[in-house]
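A.B. asks: Here you go, one structure.
Here, each number is a calculation from the coordinates, and none is a lab measurement. Everything quoted here is computed from the prediction, not taken from an experiment. FYI the Cβ positions are ideal-geometry reconstructions off the backbone, even for glycines, and counts take in every protein chain you see.
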Amino acid sequence: MSGNKNPGMDMTKLSALAEPNRMDIVELLRDGPLSVGEIAYRLGLRQPQASKHLKVLIDSGILEVKADANRRIYRLRPEPFTALDAWVKSFRRAMEDRFDNLEDYLRELQKSQKS
């Protein structure tokens with residue numbers, strides 16, 4: 001395995017997203033910023049439970065929070081998702097290269113069987 005690690009993709013972000021309630025929060029925030037009360041209400045969570053998940057998402061760099069009067073508004077940060085997209089695309093490119101190599105190999109195999 002190569003030591004070449006994508007600096008934008010790390011296990012902290014992936015493990016934060018692996019928990020179902022946190023993934024639900026991320027999905028909910030795709031439509032725009034919300035307060036902890038709105039998040040808790042829409043997902044049927046108690047506010048302390050929602051706050052705990054929000055803290056993990058903030059600490060992992062997935063969310064950011066802004067104060068708005070007496071409310072705290074949570075929103076997605078785009079950078080982790082850009083890094084995740086680049087990481088997934090790197091796998092897609094590798095798989096496409098492998099399929100191209102397999103196609104070339106099968107063509108050569110067919111040629112040699114016809115001879």
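A.B. asks: Let me spell out the model: positive unit charges on the Cβ of Lys and Arg, negative unit charges on the Cβ of Asp and Glu, origin at the Cα centre of the chain. What dipole size does that give, in debye rounded to 20?
C.D. replies: Approximately 260 debye in magnitude.
A.B. asks: Also, I was wondering about something else. With the Cα gyration tensor of region 10-76 in hand, convert its eigenvalues to equivalent ellipsoid semi-axes via √(5λ) and list them largest first in whole Å.
C.D. replies: 18, 13, 10
A.B. asks: Taking the Cα centre of the chain as the origin and placing charges on Cβ (Lys, Arg +1; Asp, Glu -1), which of 83, 28, 51 is farthest toward the positive end of the dipole?
C.D. replies: Comparing the listed Cα positions along the dipole, 51 ranks first.
A.B. asks: Kindly state, to the nearest 0.05, the FRET efficiency for residue 46 paired with residue 86, given R0 = 30 Å and r defined as their beta-carbon distance.
C.D. replies: It comes to 0.25.
A.B. asks: Related question: Could you list 105, 74, 41 in order of exposure, starting from the residue whose Cβ has the fewest other Cβ atoms within 10 Å?
C.D. replies: Listed from fewest to most nearby Cβ atoms, that is 105, 41, 74.
A.B. asks: Moving on to the next point. What's the tally of Lys pairs in the chain whose alpha-carbon atoms lie under 16 angstrom apart, where the two lysines are 8 or more places apart or on different chains?
C.D. replies: Close lysine pairs found across the chain: 5.
A.B. asks: Of the labelled options [x] 1.24; [y] 1.61; [z] 1.10, which one gives Cα Rg over 2.2 N^0.38 Å as computed for this structure?
C.D. replies: Computed from these coordinates, Cα Rg over 2.2 N^0.38 Å corresponds to label [y].
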